[in-house]
């Protein structure tokens, strides 16, 4: 096969999936099962098609290397839970696959223009997903979607402006600029700000908790995993195209502060989805610290592999945690009290996920955190790493608090708050898989030595 | 599977088996606890018989980023593994009649597995995993089966240790990174990392290790989790906490922090000595002020461990081996005391010193054992505590760390030893020999039954045995402590 075509095979599979989903709408009474099946199959096909990609292909627009395949792996796999747990109608499936396709384009973008196309392509369906998916109070979801849209539009505008400034000075839309003047640096900064907006770095995070809280839990799961991975990649790509020393200087501190503030804000949350939103903010901080360490180490492949491992582990943990909310119908910490006595299985899986999110061995969350701290210390970032360590202590306080609510407390007054939603079985199954995966990743450095050793080189 | 791996895999398998075996979980726990104890004796046997230097090593191939599954064992680590297995079996018997689900038994077996792993790991990554993995079962043991304030105590316990150990993790990573910069090789193997030069970062790295291990010892002012955790845990949980988990901190200092960074260890010696002396005295003073018997014993642990730390710092044969023996002694003695407070609490649902009185008449067997363990704890000659304390003290007195020309730390230690009698004897007297007051609940306290007496006979016989024949124990421990001598 033509190398360009085969390297774009995953994206082609997703595009076919989008068309198929729209075709599904033509059927008289499409069954939800078909939509879910189509979504999952398209994602699996995209995952499989990653095998076809040639290892090194660097034409001007499209850039495929081993690492871009890794990002795609995380992103497509991270979207699977939503595909399985969505309502399964034609529009939702098309939106999900469309957003994922945008992320797939981002993964192979070789210059700023492609990057912008990917950014918009993944964002527009996501706004609609937030507004549309889920049951119950629609007005809050609409409000959140509008907020999300404005934040995203602002990020897109900033990126365009930055790109224009960069182009005006260098005449380039890709890498290769020698030294940047003030205008070019301003342009690069604006592009990075746009990326940080999408990741949700403090103080550009104001939209994130509201959006994550109002969306359906499975959509929040998608936003916090695949979307977060794509946004991180977006930042990495901007730095790859226009490496500027200020990234190495600023990003580690920004990441540490984000991790700390996210953790502190999560501490006082009563509603679980909002708590998980802030927890996701805190994890984003660690990711930004990882990107900063990577930039400081001179675009070191080990540091990038660490980031990928973090995103992979986080995809399991965050998907699992949000899907617990979907599976159990529990909304507040008060409803969580004594949950373990009511349903032991989901409680145990959630406890594993919480320990993993908190970075407690022997889970994958620990290995992920270890890798980021490691890269930070390799880059000589002792103080930001210590701040991130403090953040992880703070965040453990609320994760432990949730375990304590589930296991040690007895329900106040009326037990068994919300009955579990009707089709919770799928969400429960996915959550279980995520919990097992998060646990298994904990042994990764020992068991998969060869496998991840290959990733290191 | 090698013997060393079996030492932690067997209890872990026991945990899974307990979780799955429903109503028969206590029998499963008993079977696996016995098996683990037998295995630890088999492992310990050549050490007691032979020279006792490094005995058995499992070396895995380094996988990703230099992490390898590797274990090692010598007299100190195997003694602690045996102590873990022994106290685990004691806990099984002590909880035999408790109304608890399979989760309880599974947690204890998982805890024993993780503790054995801590004492055996030769790879720092592995060490850290086991170190943190001890927290999860203990968190549930305190939180699910503890007394009134258990929820708060469980979270506090977890958070304190986690907070300390994440800084330890940063320090370990810093050492690994520095080693890679110097040699180009990624490794987490403790032996290869020894003596890595950290340059100007060394004090910070050492501080991180000290915080991580210090929380566990616990060094004042990092100790505030201990009274809560030890008091609120169920009796068997307190036995494991005080008996084995407190030793993790000292073991970490001896095995990891000091050999990894000999330079800072040397220059921090006066600070460490002062902290240890403060521990010995502050813990004793706090114990004197307690009105709750269990809390009193908890504070006494702080004092005892401070004393052990002084012995470790002395840097000569007597002090170091005395401290190591005292670690084992404290596990047995304090374990026995916590068990008896548990028996008392089961019967009377009270633990206050003023809630009792006259128990020597109502429960003579309990009074005998409690007195025996108390005297062992304060160092009566002929019992195990005496040997350890005497050796520690004479070691400290001869050590070269002096203050203004005086053996300052020996004086601190001696004051601590004296204070031990000042808190332990009045407490013993108040509970067992004082006349029953109007609010006394002593009437509810029946004497020990055969099972309970059996456990305590075993523990007391061990105290006497170590007290009368200390040399065989010391010779098993001494070779593994050579690195601490100066």
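None of the figures in this text is laboratory data; all of them are computed from the coordinates on show. Given the structure is predicted, the values throughout are model-derived calculations rather than measurements. Ideal geometry is used to build each Cβ from the backbone, glycine not excepted, and the neighbour counts take in all protein chains shown.
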- Note on the structure: Helix-only [θ] at 222 nm, the protein assembly as shown, -39500 (n - 2.57) per DSSP H run of 4+, per residue, nearest 500, equals -24000 deg cm²/dmol
- When the convex hull of the C-alpha atoms of region B:1-260 is computed, what volume per residue in Å³ does it have? 118 Å³
- Take every residue in peptide B:135-143, count the Cβ atoms of other chains within 10 Å of its Cβ, and give the average of those counts. 3
- Query: Most exposed first by the Cβ proxy, i.e. fewest other Cβ within 10 Å, how do B:97, B:480, B:453 rank?
  - Reply: B:97, B:453, B:480
- Query: Given 10 Å bins starting at zero, what is the percent of C-alpha pairs of the protein assembly as shown in each, up to the one with the largest pair distance?
  - Reply: 2, 12, 21, 22, 18, 12, 8, 4, 1, 0
- Task: For residue B:425, put the label point 7 Å out on the Cα→Cβ axis and report which residues of region B:366-382 keep their amide N under 18 Å from it.
- Result: B:368, B:370-382
- Given a Förster radius of 22 Å and the C-beta distance between residue A:300 and residue B:197 as r, what FRET efficiency does 1/(1 + (r/R0)^6) yield to the nearest 0.05? 0.45
- Taking the Cα-to-Cβ direction at residue A:16 and at residue B:41 and moving 7 Å from each Cα, how far apart do the two end points lie in nm? 6.7 nm
- So how far, in whole Å, is the C-alpha centre of region A:292-354 from the one of region B:409-424? 49 Å
- Provide the packing ranking of B:280-290, B:238-248, A:178-188, i.e. peptides ordered by the mean count of other C-beta atoms within 10 Å per residue, highest first. B:238-248, B:280-290, A:178-188
- Query: Which whole-number percent of Cα pairs in region A:246-457 have a distance greater than 31 Å?
  - Reply: 21 percent
- Take the alpha carbon atoms of region B:437-486, find their radius of gyration, then divide it by 2.2 N^0.38 Å using N residues; give the quotient. 2.03
- residue B:271 paired with residue B:345, simple spin-label distance in nm, labels 7 Å along Cα-to-beta-carbon: 3.6 nm
- Query: Under the definition of partner shielding as Cβ atoms of other protein chains within 10 Å of a residue Cβ, what is the mean value for peptide A:355-368?
  - Reply: 4
- Can you give the convex hull volume of the alpha carbon atoms of chain B per residue, in Å³? 129 Å³
- Alpha carbon centroid spacing (whole Å) that separates region A:183-235 from region B:369-399: 62 Å
- Query: Computed over the Cα atoms of region B:268-486, what is the ratio Rg over Rh, Rh following Kirkwood?
  - Reply: 1.02
- Query: Does anything in region B:66-104 have its amide N under 18 Å from the 7 Å Cα→Cβ label point of residue B:34, and if so which residues?
  - Reply: B:85-97
- Task: At q = 0.08, 0.10, 0.11, 0.13 Å⁻¹, work out log10 I(q)/I(0) for chain A with the Debye formula, treating every Cα as an identical point scatterer and leaving solvent out; two decimals please.
- Result: -0.42, -0.67, -0.81, -1.17
- Can you give the convex hull volume per residue for the Cα atoms of region A:208-330, as a whole number of Å³? 86 Å³
- Query: When you look at the Cβ of every residue in A:372-379, what mean number of other chain Cβ atoms sits within 10 Å?
  - Reply: 5
- Message: On a full-extension model of 0.36 nm per residue, what is the gain between residue A:178 and residue A:52, subtracting their alpha-carbon distance, rounded to one decimal in nm?
- Response: 41.9 nm
- Would you list B:443, B:155 from fewest to most Cβ contacts within 10 Å? B:443, B:155
- Task: Normalise the Cα radius of gyration of region A:142-259 by 2.2 N^0.38 Å (N = residues in it) and let me know the number.
- Result: 1.12
- Between region B:68-142 and region B:215-245, what's the alpha-carbon centroid distance in Å? 15 Å
- Could the peptides A:102-110, A:124-132 be put in order, highest first, of the mean number of other beta-carbon atoms found within 10 Å of their residues? A:102-110, A:124-132
- Taking the simple approach of a point 7 Å from Cα along Cα-to-Cβ for both residue A:31 and residue B:433, what is their distance in nm? 8.4 nm
- How would you order B:301-308, B:120-127 from highest to lowest mean count of nearby Cβ atoms within 10 Å? B:301-308, B:120-127
- Note on the structure: To the nearest 0.05, the calculated FRET efficiency linking residue A:246 and residue A:343 through their beta-carbon distance, R0 being 56 Å, is 0.65
